[in-house]
Amino acid sequence: MTKNRILYAALVFAGMDCFPAHASVLYALVNGANAGLERIDTSTSSVTPIGLTGVNVNFGDLAPSPSPGMAYMVDGRQSFATVNSSLYTVNLTTGAASLVGNTGVPDMFGLAYDPNTSTIFGTTYSAGVVGLYSINASTGAAHFIGPTWIPSIPNSTREIDALTYNTTSHSLVGISTGFSSLYTIDEATGALTLQALLQPSGLSTNHNIGDLAYDAANNRYYSEDVNGRLYVTDPTQPVFNDVAIMNNLGNVDGLLIQTVPEPSSFVLAAFGLIGLAALAWRRRA
């Protein structure tokens, strides 16, 4: 085979793989006076500490950031809900957190990022005005959007603890821990629409889910509870039936999924053909 033909074949293989495969990396935020960040390998059930944030975090949360290698973080409850929550950025390589600013609201437990509108959303739990907020990425200041409630049910305010953004359905979703259900949240009003009932396997229907993360590469939700258990869920089912896959997370209350591209076999084959072409050219020379 001539050099030109080998190069042409390599380009054909590369063109067939213009959309590389993707892998998902799961991170968790560990509660504490100096909260830690850890990486979870769901295939081996191993947990790897990354580093300390330097921030007091209780019932906090993580959300994706448009900046590579970074995430947003909210520190949750401070001094028994008498101090407002703050927004931070977190380095996913070291775990170090940098303060963005005070949200102006206490007990912000849920955090999510909508990549379509570049909006950070937060939800409060049991203090202040319970509902949905948008958060300024430059200052950390939170703007109240509306109460998280079901319009068809009077006085049906729900405290949304777990929050994430589903990039497949393009919807903001959250779990009301006390009511054990998954809701779609209207980003303009905070109104809730029931998406699925929550029925965890082998547990009570209220098992205190701390957070929720959506894995776009595999179209599934991850969630965790206060007992350090990790669950995986099929979002297409009408019943949000958690299946526990790990139970060694510790005192975590914040999950984050980062999807990263990885080369597939076609790409590797293309590089191999290019290498053969280079070797053939050297021998000819």
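Read-outs: derived from the displayed coordinates by stated rules, not from any lab. Fair warning: this is a prediction, and the values are worked out from it, not measured in the lab. Heads up, the Cβs are rebuilt from the backbone with ideal geometry, glycines too, and the neighbour counts pull from every protein chain shown.
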*asked:* Could you list LEU132, LEU99 so that the one with the fewest beta carbons within 10 Å of its beta carbon is first and the one with the most is last?
replied: LEU99, LEU132
*Length added when fully stretched, THR48-THR117, from 0.36 nm per residue minus Cα-Cα*: 21.6 nm
*asked:* What translational diffusion coefficient, to the nearest whole µm²/s, does the range 21-262 have by Stokes-Einstein, given a Kirkwood radius computed over alpha-carbon pairs, a temperature of 37 °C and 0.692 mPa s viscosity?
replied: 189
*Surface/4 estimate of mean projected area, convex hull on alpha-carbon atoms of the range 35-162, nm²*: 9.0
